[in-house]
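Only one structure is covered here, and it is reproduced in the block below.
Just so you know, all these numbers are worked out from the coordinates, no wet-lab data involved. All values derive from a computational prediction rather than experimental measurement. We place every Cβ from the backbone using ideal geometry, glycine too, and count neighbours over all the protein chains shown.
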Amino acid sequence: MKDIPLNNEEFMDILSDATELILSDRIREAAREEQKKRKLDREWFVGEEYMHQIIRKERMHEGYPEASDGIPICPNQPKEKDNAAIIGNVGTELSSKALEIDKRIQSFIGTRNNALFMVYPPGGFIGWHNNANASGFNVLLTWSETGEGYWQHIDPDTKELITIPDVKGWQCKVGYYGRYDEANKVLYHCAATDCWRMTIAFVFNAEESGMQMAEMALEDISTSYK
């Protein structure tokens, strides 16, 4: 994964609207309620021992995270069994706004594949996983209230553990999630936060055309037209 600068004014206006969602009291209350229900051990699910456990599973690990402490707020993302109820707690008005923002971002960058639209409370996380079942070029947009969080991944080539600290405000990362049959392309990763954090992710297909579309999108969001 690598950082991409966010310089396009029109795109930042869209993200500014998204920021209002995570500042909403109702969304924060829903996130805290789910956190209390789950009582998950963050240090285990983002820790080294669990990381190796997931890696040893190889193809027995589906690809999606097996544990996370955050809530989906947009109806247009991959289904999980509790998504409908959680989004219901967020409320129709806010979830509809999230869907509108999701569509505006997709229109801007040219993809129809939303992978994630999540809000994480302080202490939240997404455990080690690899998205091998949803391969492609991933554009990851993250908002952090104070920058007290991080992303980690295992470099597919060097096997080195890489940590990318969050920054206060919006940040963009891009990388490729490989399939199990792609040598040195599977990307194991996790994230955690000690402040409020929101992640919106989109996937371009793994074909050459997907790579070209991703490159065009990244050029657009990193270019200022003032």
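General remarks:
- Virtual spin-label span in nm between residue 60 and residue 155, 7 Å along Cα→Cβ: 3.0
- Among 177, 64, a tally of other beta-carbon atoms within 10 Å of each Cβ gives an order, fewest to most, of 64, 177.
- Karplus-based coupling profile of region 190-206, in residue order and whole Hz: 8, 7, 8, 8, 10, 9, 5, 9, 10, 10, 10, 10, 9, 10, 9, 5, 7, with θ = phi - 60° in 6.51 cos²θ - 1.76 cosθ + 1.60 and x standing for Gly or Pro.
- Remark: for residue pairs 97/168; 103/168; 57/103; 97/173; 39/168, the C-alpha separation exceeds 31 Å in 57/103.
- Cα gyration tensor category, rounded, prolate or oblate, for region 14-73 with a/c compared to 1.5: prolate
- Taking 6, 23, 140 and counting other C-beta atoms within 10 Å, the order from fewest to most: 23, 6, 140
- For region 104-226, the direction-averaged projected area of the alpha-carbon convex hull comes to 8.0 nm².
- In the chain, taking the dipole from charged Cβ atoms about the Cα centre, the farthest positive-side position among 16, 53, 169 is held by 53.
- Net charge of the neighbourhood of residue 97, taken over other residues with C-beta under 13 Å away and scored Lys/Arg +1, Asp/Glu -1, is -2.
- For 143, 128, 170, the sequence from fewest to most other C-beta atoms within 10 Å is 170, 143, 128.
- The chain: relative contact order as a whole-number percent, Cα under 8 Å and 6+ apart: 28
- Computed from backbone phi with θ = phi - 60° and the Karplus coefficients 6.51, -1.76 and 1.60, the 3J(HN,Hα) list for region 51-58 is 4, 5, 5, 5, 4, 5, 5, 6 Hz; x is used for glycine and proline.
- Cα-based Kirkwood hydrodynamic radius, region 2-221, one decimal, Å: 17.5
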